[in-house]
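Notes follow once the structure below has been shown.
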Amino acid sequence: MSSFWRGGLVGGIGVVVGLPLLVQVIWSFAFRWYFPDLLPSEWGLHAWRYVFSDSSRVGEALLTSLGIGLAVSLLSIGIGLPAARALALHDFPGKGLVEWLLLVPIVVPGVVATMGVHLVFIHLRIADSSLGVVLVHLIPAVPYMILVMASVFANYDTALEETARTLGADAVRTFWFVTLPAILPGLLVATLFTFLISWSQYVTTLLIGGGRVITLSMLLFPLIGGSNNATAAAISLVFVAPALLALGVTARSLANGPSVLGGLGRP
Amino acid sequence: MNTPSNWLVFVTAAVLLLLSGCAAAPAGAAAPPVYTDWDDVLAAAKGTTVHWYMWGGSDKINTDVDNDIGKTVLARYGVTVNRVPVADIAEIINKLLTESSAGVTAGGSVDLLWINGENFKTAKSADLLYGPFVDLLPNSRFVNWEDPAMANDFGTPVEGYESPWGHAQFVMEYDNAQVGDTPPTTFEALAAWIRAHPGKFTYPAIPDFTGSVFVRHLFYWAAGGPTPFLGDFDQAVFDRYAPQVWDYLNGIEPFLWREGETYPEAAAMTDLLANGEIAFNMSYSPGNASLSIAQGIYPDTIRTFVFETGTLANNNYVAIPFNASNPAGALVVANWLIDPEMQLILADPARWGWLMTVDPTRLSAAQQAQLAGYDVGVATLPAAVLAAKALPEPQGEWVAAMEKGWVEQVLQK
Amino acid sequence: MGRQDWMERLKIWLMLLPALLVLVGLFSGGLVVGLGQSLGYMPVAGLHSVTLQHYLDLLVEDAFWQSLWVTFSIAFTSTLLSTLVAVPCAFLLRDTFRGSRLVNFLFQVPIPIPHLVVAFGVVTLVAQSGVLARLLASLGLLSEPGQFPALVFDRAGVAIQLVYLWKEIPFIGLVVLAVLQTVGPDYEALAQTLGATRWQRFRYVLLPLILPAILSASMIVFAFVFASYEIPLLLGVRFPAPLPVWSIQLYRDPDLNLRPGAMAIGVLLTLFSILWLVAYRRLMRYALRASGGR
């Protein structure tokens, strides 16, 4: 590839990826910005002032989104990791059915399930609560955890674990010093994925949270569409920041652990 | 191989505990208390939190509510207001209906609702409301309940189940850089303008309430006034006037923004007008244009007008759900909303820019002088002009029929 | 079966239990409740009779079929386009060159960004008075917003497609890249020594290896787009709206009598996506056989 094309490729990807984000940075500092002005005719900090005021509830929503996301990813690990291991390393009667049951939420719309679950949650008194929202976020999150980790375990050799056990290591130590380091890159990526799935949810949070559980997506959604672009842009940037941060942390695992994402490529 | 299964036992136990813990939550307790004495209300409300569900699409209203209502009510009555923003209050009616059918008769999550019109009618007829409570509010004496437009919310008798907090009247907003200083104030002139300027007019898609009220105006236009729609719904009357309305709307459709292929959300119209994509917007808030100019959302060429034949006006109310956890706190907030002091803040064009819902003649002389001294803002019509052109809203059933008709006869055609 | 075997089997099922509990309990459980409501069985609203009426009402309605078509075409087009762009991207990213680390990073940036954020960015860029229109205006190429093509709130759903392309190209690309890197250069090198041309190496060596990944990643994308609500709601036309939008709007209506209809739309949506899934798996098997893969 000539360096001209290469430069073009880097620039092109940079523009396509960066423009939708850059325009939001500009909007968040705009006070008056009308067609056909290429840049705002007046700049201002009012959107950011609103974001940092209590009225915007952005701080509170940020914490709620983070808390729910963390709970979802930790629960997904606890629930998904053993299942992924069982599916990857063992054969047993009924495996096909189990696999199908566990992975079907990835390809079958969750609309009906969420609406159905809503009624059950109202009876259980966990509608309108963070707990209910965490549980409903598990529906799309856990299958991804299983899918990614099953492919990690498929390339995993249990011999080392057995050696450790023979040498007298107990279960906890074996897991901590042998299993975990081996699966860590994959686990990091899978955890990031489940976190992001929860982080980005809108309609499930809306239905199950009933407006009472306010995550960032609940704040951003009503603002998209034009009534106040500056505020929408500022909140949108707050919504992006932790996600990009998470990518920074796991980018290396994403790049160095190619087999991990390959799990999503298994039919 | 042991490791994961140990872990698994722990996880299973945790999940089971979680699930069983939820299932064991207390079932329906007694209904919320009923008060007869205002001092009891004040005593019960002190130190509580009110969860007030309201439309949250405006950062200005959100901030104003927190500053002028939340902070004051906390300072004076020890009541914390937790504003819960929602996209459409109909969702909350839906939620109350579901809770009602699931037997959640107390301990509900909603204490106070910003409501009116169809939602009030639905809630009232399905027994979703606490009350009647209005007579208990000391400040209710400032409200003119003899006014039929106040005692009836879109034709549904209020009967003490909701208390007002703001007055709204429909106005058209226009860009005088595009339209000039004499906007079309009749529906004939408007149609002519639309045909002469293709792509520059549109209205929000129903079920948006602003789009819905625009269509209601056309029914009044077709019938020569509001009278036929103020009584109970009558299919024959509806069928008499509806074709003329659909003809008008389908007639202008090819000349609308996007040739009528789609209709925008109300929020999107703000952006469209600000950028000159269209020349008109419409609002239930006569002060919106002035405020938007001050906020940098609109350029300062935006002005407002009302139709010669008048525009619809109504009141915003608050109501308390049947299963509210904190009715006392909700009552305290409702009472503050119609306090003359709050209403003067609300009517201040530099602060809220709303219309007062209490009767100005019942205010003190000093308060009346303060009200008269307000500068309404560059794009706002004087209150007297608006009041002279105010029209009553039809009964809720008419609105439903008009909205359904629009979807079938205009949107899907 | 010996005691040892039995214990082993028990252990496996114990490992699967939490996942089965959560997913079968929540997903399938919710599905069953929803199915019940779609058949008009809603004891809380005093409805106990079971009827297919809500389905029949939908199936005879033109609006339903238009809506289904919109849902399908948005999902199909965005999947196809994302795949067609993503695969060559994966090949480009496989090579190491000056700046390839930067490109790799840029390519990953869209992965963690929520769809809502992308939707807002796309609207502010491609609306008729958006930044691109302003750019053209400042170059003197247009003077009015109306002269810029309608890409948002349009029948073709261009803005919707752009959001999905921006998000899903990197997703499919990275999945394919992951497989390419696992495969490594050995097979190709071997094929080259055996005299295979560049095209032959791609067609007979690489393609069979990466095809399963392409197909399953694109299947995930299709299913996601097929079921999504907020993007078409924010950027699409009012009518005909995709099925998930229609279903959820009915569900959230204050009129409880609309619920069975909302559920029926949801159930049909589910059925169609299962049908599509089955067809897709067939296609996948056929494609694999035809390409000489496993």
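The values are calculated or read from the model by the stated rules, or taken from the named source; none is laboratory data. These numbers come from a predicted model, not from an experiment. Here the Cβ is made from the backbone with ideal geometry for all residues, glycine too, and neighbour counts use every protein chain on show. SASA here: full protein model, heavy atoms, side chains in, ligands and nucleic acids out. Shrake-Rupley method; radii C 1.70, N 1.55, O 1.52, S 1.80 Å.
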Picked from the stretch C:90-121 (must be within 22 Å of C:PHE202 (Cα to Cα) and out of contact with any helix residue (DSSP H, G or I) (no Cβ under 8 Å at 6 or more places or on another chain)), the residue farthest from the other protein chains (Cβ to nearest Cβ) is C:THR96
All positions within the stretch B:390-413 that are closer than 14 Å to B:HIS167 by Cα and in a loop (DSSP other than H, G, I, E, B):
B:PRO392, B:GLU393
Can you name the residue in the stretch C:135-173 that is assigned to a helix (DSSP H, G or I) and open to solvent by less than 10 Å² (accessible area, probe 1.4 Å) and is also nearest to the other protein chains (Cβ to nearest Cβ) among such residues?
C:PRO145
Could you check, for the stretch B:391-401, whether at least one of its residues is more than 20 Å from the chain's Cα centre (by Cα) and in contact (Cβ under 8 Å) with a residue 12 or more places away in the chain?
no
Scan of the stretch B:130-149 for residues that are over 21 Å from B:ILE69 (Cβ atoms) and not small (Gly, Ala, Ser), ordered by number
B:PRO132, B:ASP135, B:ASN144, B:TRP145, B:GLU146, B:ASP147, B:PRO148
So the helices (runs of 4 or more DSSP H) completely within the stretch A:1-98 holding 3 or more residues that are surrounded by 16 or more Cβ atoms within 10 Å (Cβ to Cβ) and more than 7 Å from chain C (Cβ to nearest Cβ) are A:46-52, A:58-89
Does any residue of the stretch A:183-191 turn out to be facing another protein chain (nearest Cβ under 9 Å) and either part of a helix (DSSP H, G or I) or under 30 Å from B:LEU96 (Cβ atoms) (or both)?
no
Of (1) over 19 Å from the mean Cα position of the chain (by Cα); (2) within 30 Å of C:GLN181 (Cα to Cα), C:PHE76 satisfies every one except (1)
Residues satisfying the stated conditions in the stretch A:111-125, i.e. buried (at least 24 other Cβ atoms within 10 Å of the Cβ) and either in a loop (DSSP other than H, G, I, E, B) or within 7 Å of another protein chain (Cβ to nearest Cβ) (or both)
A:VAL111, A:VAL112, A:ALA113, A:THR114, A:MET115, A:GLY116, A:VAL117
Would you mind telling me which numbered condition in (1) at pLDDT 95 or above; (2) farther than 26 Å from C:PHE120 by Cα B:ILE302 fails?
(2)
Quick count over the stretch C:26-52, residues being farther than 16 Å from C:GLY266 by Cβ and free of Cβ contacts under 8 Å to residues at least 40 places away in the same chain, is 7
Sort out for me the helices (runs of 4 or more DSSP H) sitting completely within the stretch C:180-239 that have 2 or more residues that are in contact (Cβ under 8 Å) with a residue 24 or more places away in the chain and crowded, with 17+ Cβ neighbours inside 10 Å.
C:207-226, C:230-235
Looking only at the stretch B:45-67, count every residue that is surrounded by fewer than 19 Cβ atoms within 10 Å (Cβ to Cβ), at pLDDT 95 or above and either of a type in the set (D, E, K, R) or assigned to a strand (DSSP E or B) (or both) and tell me the total.
2
Criterion (in the same structural domain as B:ALA279 (by TED's automatic domain parsing), closer than 30 Å to B:ASP339 by Cα and in contact with a Phe, Trp or Tyr (Cβ under 9 Å, 6 or more places away or on another chain)) met by exactly one of B:PHE233, B:PHE201, B:PHE255, B:PHE209
B:PHE209
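Results for (1) open to solvent by 50 Å² or more (accessible area, probe 1.4 Å); (2) under 25 Å from the mean Cα position of the chain (by Cα); (3) at pLDDT below 95, shown as yes or no for each residue.
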residue: C:LEU21; (1), (2), (3): yes, no, yes
residue: C:GLY36; (1), (2), (3): no, no, yes
residue: C:MET42; (1), (2), (3): no, no, yes
residue: C:GLY46; (1), (2), (3): yes, no, yes
residue: C:ASP57; (1), (2), (3): yes, no, yes
residue: C:VAL60; (1), (2), (3): yes, no, yes
residue: C:PHE72; (1), (2), (3): yes, yes, yes
residue: C:SER82; (1), (2), (3): no, yes, no
residue: C:LEU92; (1), (2), (3): yes, yes, yes
Has the stretch B:365-387 got at least one residue that is open to solvent by 60 Å² or more (accessible area, probe 1.4 Å) and of a type in the set (Ser, Thr, Tyr)?
no
Qualifying positions in the stretch B:227-237 - over 21 Å from the mean Cα position of the chain (by Cα) and not charged (D, E, K, R):
B:THR227, B:PRO228, B:GLY231, B:PHE233, B:GLN235, B:ALA236, B:VAL237
Have a look at B:THR361, B:THR357 and point out the one that is closer than 26 Å to B:TRP114 by Cα and open to solvent by 10 Å² or more (accessible area, probe 1.4 Å).
B:THR361
Considering only residues that are more than 30 Å from B:ALA149 (Cβ to Cβ) and open to solvent by less than 40 Å² (accessible area, probe 1.4 Å), which ones fall in the stretch B:183-202?
B:TRP193, B:ILE194, B:GLY199, B:LYS200
In the stretch A:82-112, residues that are charged (D, E, K, R) and under 30 Å from C:LEU243 (Cα atoms) total 1
